[in-house]
Amino acid sequence: MQDSATHDTATKATQDTAPLKGITVIDWTQVQSGPSCTQMLAWMGADVIKVEKVQGGDPTRNEMNDVDGSYSLYFLQLNANKKSITLNMRDPEGKKILAELLKKADVSVENIGPGDVEKLGFGWNDVHAINPRLIMASLKGFNKGSRFEHVKAFEPVAQSAGGAASTTGWYDGERNVPTQSGAALGDSNSGMHLLIAILSALLQREHTGEGCYVYQSMQNAVLNLCRVKLRDQLILDRLGKLSYYDCYPNYEWGKQGKAIPRAANAEGGLVLGWCYRAKGWEHDPNAYVYIVVQQSKKGFENFCHAMGFEDWLTDPRFNTANARDEHKTEVYQRVEAYTMQFDKYTLTKELGAKGVPVGPVLDWYELENDPDLNGDGTIVTIDQQDARGDFKTIGMPFTMSNFVPDYQRAPKLGEHNREILHALGYDDDQIASLRDSGVIGGNDGVQADLK
């Protein structure tokens, strides 16, 4: 282990190269989509001030909490490295404090209810007048001008409206229903899209000297990740069928409408991909591997040699991509007869070494304890310094050669009220008066609601 002096030196070095060092962000966001964005800004070195309600703060502080005297993992995993100030935004003094914060900030991010910032006097025109250099970023469910603009959106709402749910799941039988992905396509994905926009706006300001208004809808963020489904829809419109879909050729195209069907576990392109049972599948629901049979001649040869299927190299039922599409069931059956002989880790190591695209289906117990992910900084451990102690979270998803985030705990509710208000010129008596009148407040933890 590093001694403290070495750690301090390493921390200072990374702070000196923090990409957003010197940038101040007012974080008026809650739940997941907005906080996922602002946490990344904090990890990249920005000074992020989270504005919360006096009573309760961010709703996730007390949502699915399992430890008395701390806050929920839902909150902690999305709000590390931030400062917290509580403000009653319906009180003129609370609005005055927010306006003072905006005057000194570089970025303001909000994802509160549609139309709420405008009602409170902090719409784009108001904010731009307060600080012309400020970048204001809004994250909502739907686009401005959309017939759904004023509809509140949550994760499954965005996945449904963005084309993900209709294309996920099975295309026949009782399971033929629109299905939500386990990935947060509506929430964290929207936050990452907003992050791109904010970073672009900061670069733009270097040239213009003026801030701009950034608007990201959750629907658009989901649509962007689903763009290949638009490709498929356009091809279906033209040809009336999709040969590379798992349901081809035994599917009555057009019977269930004009839209593309759900794609089950197929890869979704001109390569033949599927999820196969591995050794131990009888007692482990995730003892599976995903294997792709490539379309190219070289890729198919690698696959056949790796699996011992050399006869397929000359068999007209399998030696072309189109033929394999016609005989999917036979491909799946033979490949799975092979994969069930070996565990998913052996399959990934051995087939991968022979040029076959393959990956194990890793469940979240495996991921939580994965030695590689815990060792390379993907999964990080943070000391919350309260009743919870250590907790794990997913760290910054990319790496930089000269910067490593200094991961810190999430703030207590209103923990930085005094520090922030002092910086704005308030003295201790004024701060006490604000607390007594309910303009600010805080707490050191909540009771668990999961027992």
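Every read-out reported here was derived from the displayed coordinates using simple, explicitly stated rules and does not represent laboratory data. Just so we're clear, the structure is a prediction, and the values are computed from it rather than from any experiment. Quick reminder, even Gly has a Cβ in these numbers, built from the backbone with ideal geometry, and neighbours come from all protein chains shown.
Figures for the structure shown
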quantity: Kirkwood estimate for segment 163-223, i.e. one over the average of 1/r between Cα atoms, Å; calculated: 13.7 Å
quantity: 19 Å cut-off, amide nitrogen to a point 7 angstrom out along Y248 Cα→Cβ, residues in segment 153-180; calculated: 167-172
quantity: Extended-chain gain in nm, criterion 0.36 nm per residue less alpha-carbon gap, K21 and L270; calculated: 85.1 nm
quantity: Peptides ranked, highest mean first, by Cβ atoms within 10 Å: ranges 425-431, 349-355; calculated: 349-355, 425-431
quantity: Rough spin-label spacing in nm, given labels placed 7 Å along Cα→Cβ, for H207 and N374; calculated: 4.7 nm
quantity: Principal-axis tilt of helix 188-208 within the chain, Cα atoms, nearest 10 degrees; calculated: 60 degrees
quantity: MRE, 222 nm, helices only [DSSP H, n ≥ 4, -39500 (n - 2.57), over the chain, to nearest 500]; calculated: -10500 deg cm²/dmol
quantity: Rounded Å value of the spacing that divides the Cα centres of segment 64-124 and segment 177-227; calculated: 19 Å
quantity: Contour excess over end-to-end distance, with Cα ends at K258 and H422 and 0.36 nm allotted per residue; calculated: 52.9 nm
quantity: Relative contact order (%) - criterion: Cα under 8 Å, at least six apart; region: segment 303-451; calculated: 12 percent
quantity: Under 24 Å between alpha carbons - lysine pairs in segment 107-263 that sit 8 or more apart or on different chains; calculated: 12
quantity: Angle between the chain longest axis and helix 328-339 axis [Cα atoms, degrees, rounded to 10]; calculated: 80 degrees
quantity: Amide N of segment 43-76 lying under 17 Å from the label point, which is placed 7 angstrom from the Cα of I196 along Cα→Cβ; calculated: none
quantity: FRET E, pair T399, E149, Förster distance 51 Å, beta-carbon r, rounded to 0.05; calculated: 0.85
quantity: Paramagnetic label zone (point 7 Å from Cα along Cα-to-C-beta, K53; backbone N under 12 Å) in segment 100-122; calculated: 113
quantity: 18 Å Cα-Cα reach of K82 towards lysines, excluding residues that sit fewer than 8 places from it in its own chain; calculated: K21, K50, K53, K104, K392, K412
quantity: Whole-number D in µm² s⁻¹ for segment 267-352, Kirkwood Cα-pair radius fed into Stokes-Einstein, 37 °C, 0.692 mPa s; calculated: 250 µm²/s
quantity: Angle between the chain longest axis and helix 33-43 axis [Cα atoms, degrees, rounded to 10]; calculated: 70 degrees
quantity: FRET efficiency, 1/(1 + (r/R0)^6) with R0 22 Å, evaluated for R175 and N224 via beta carbons; calculated: 0.20
quantity: In Hz, Karplus ³J(HN,Hα) per residue of segment 364-377 (6.51, -1.76, 1.60; θ = phi - 60°; x = Gly, Pro); calculated: 6, 5, 5, 5, 4, 10, 5, x, 5, 5, 6, x, 9, x
quantity: Rounded Å value of the spacing that divides the Cα centres of segment 330-400 and segment 411-439; calculated: 45 Å
quantity: Per-pair calculated FRET efficiency, R0 = 60 Å: E63 and Q341 via Cβ, rounded to 0.05; calculated: 0.85
quantity: Alpha-carbon Debye profile of the chain, log10 I(q)/I(0) at 0.07, 0.08, 0.13 Å⁻¹; calculated: -0.47, -0.60, -1.23
quantity: Cα gyration tensor category, rounded, prolate or oblate, for segment 212-365 with a/c compared to 1.5; calculated: oblate
quantity: Taking the chain and dividing mean pair separation by its residue count, relative contact order in percent (alpha carbons under 8 Å, at least six apart); calculated: 21 percent
quantity: Among 411-423, 372-384, the order from most to least packed when residues are scored by Cβ within 10 Å on average; calculated: 411-423, 372-384
quantity: DSSP bridge pairs, the chain: antiparallel proportion in percent, nearest 5; calculated: 45 percent
